[in-house]
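The structure appears right after this line, and notes come after that.
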Amino acid sequence: MLVGYDSYEMEEVIEANYKRIATIEKSAIARTVGNMAIHKESRFDGISDGEKIEEIASFIAGKKSIENISNAKIPIVMVSCDTVTMKEVHISTNKIEIENENIEYIYNMPIGKAVRASMSFPGIYTTCNYDGYNLIDGGTKNNLAVDVLKKQGADKIISISFDLDSYKPSNNFFDVVIRALDIFSLDNVKKGREESDVACIVKTEDTSLLGIKDTKAVIKAGYDAVMEHKEEILKLLEEND
């Protein structure tokens, strides 16, 4: 929707590119472990190169002639975080009239880099450097950014988040790291759900960010979560007419 794809096209995009984005190269892991053993430090800011996210997003958006976030088909704001200032960063199509001094705003950014900046999960993907910023996943500061949409002028909000109650203890390093972020952002997610007009919760069992075995099943879980609130959403749309 951001760059002009319909839901069916987006499903095709996910199925075609998820594995490349989620795959952690064995050579990268070996390199990281080797550096730790030899130099007692990693010498990398992420196990997997975040540039692949940027390349894929740029290629997909480029097919619809979208090169910059300012070209987006609909108003949008992507949330990131700057490791230097530790401030929340809003990469936005809309200029904010009264800016918050505790938030950094970017209104002109290549679309691939914007996507990368918003999903550079710390420690897993390399950080995203742009115009003096060192950017990581916005979920580290705001994992369900309902408040951001309200500040952008949205008066009706439908939020979508993953079920945080179905976690099973794991001996997988990445699962533990991602669960830690869930814990850090729990209050923020709960608040976002409470402030939403409709809060859809996607329930996926035995699935993690980098361990989706069946993309179709996860997409269906998202569809089911929305359909559970079909009547509420239709009523919300009627009120907006």
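The values are calculated or read from the model by the stated rules, or taken from the named source; none is laboratory data. Note that the structure is a prediction, hence the values are computed from the model and not measured. Heads up, the Cβs are rebuilt from the backbone with ideal geometry, glycines too, and the neighbour counts pull from every protein chain shown. Please note that ligands, DNA and RNA were not included when accessible areas were found on the heavy atoms of the full protein model with its side chains. Shrake-Rupley method; radii C 1.70, N 1.55, O 1.52, S 1.80 Å.
Structural remarks
- Nearest-ten-degree value, helix 51-62 long axis tilted from longest Cα axis of the chain: 30 degrees
- Solvent-accessible area, 1.4 Å probe, carbon plus sulfur percent, for the chain: 54 percent
- Simple spin-label estimate for Lys73 and Thr85 in nanometres, 7 Å along Cα-Cβ: 3.2 nm
- Only helices enter the 222 nm calculation for the chain: every DSSP H run of n ≥ 4 contributes -39,500 (n - 2.57), and dividing by all residues gives -13000 deg cm²/dmol, rounded to 500.
- Take 126-138, 190-202 and order them by the average number of nearby Cβ atoms within 10 Å per residue, most first; the result is 126-138, 190-202.
- Accessible surface comparison of Asp6, Asp163, probe 1.4 Å, protein chains only, largest first: the order is Asp6, Asp163.
- Applying the Karplus relation 6.51 cos²θ - 1.76 cosθ + 1.60 with θ = phi - 60° to region 189-194 yields 3J(HN,Hα) values of 5, 4, 5, x, 5, 5 Hz, where x marks Gly and Pro.
- 0 to 90° range, to nearest 10: angle between helix 7-22 axis and the chain longest Cα axis: 20 degrees
- The overall shape of region 123-231, judged from the alpha-carbon gyration tensor, is oblate: a/c is not under 1.5, and a/b is no greater than b/c.
- Pairs of alpha carbons in the chain separated by more than 32 Å make up 20% of all such pairs.
- 15 Å beta-carbon shell around Lys63, net charge (K/R +1, D/E -1): -3
- With a cut-off of 11 Å between beta carbons, the residues surrounding Tyr133 carry a summed charge of -1, where Lys and Arg count +1 and Asp and Glu -1.
- Applying 0.36 nm per residue to the separation of Leu181 and Glu205 and subtracting their alpha-carbon distance, the gain on full extension is 6.8 nm.
- Among the listed pairs Lys73/Lys190; Lys141/Lys190; Lys19/Lys216; Lys156/Lys230; Lys151/Lys230, those whose Cα-Cα separation exceeds 19 Å are Lys73/Lys190; Lys151/Lys230.
- Karplus-derived 3J(HN,Hα), 6.51/-1.76/1.60, for each residue of region 180-185, Hz, glycine and proline x: 4, 5, 4, 5, 4, 9
- Calculated FRET efficiency for the pair Asn129/Glu232, C-beta based, R₀ 51 Å, to 0.05: 0.75
- Distant-in-sequence amide H partners of Ile76 (H built 1.01 Å from N, under 5 Å): Thr93, Asn94
- In region 69-143, inverting the average of 1/r over every pair of distinct C-alpha atoms gives 12.2 Å as the Kirkwood radius.
- Heavy-atom accessible area per residue - the chain, 1.4 Å, Å²: 60 Å²
- Coupling constants for region 112-120 follow from the phi torsions by the Karplus curve (6.51 cos²θ - 1.76 cosθ + 1.60, θ = phi - 60°), and in residue order they are x, 5, 5, 4, 4, 4, 7, 9, 7 Hz; glycine and proline get x.
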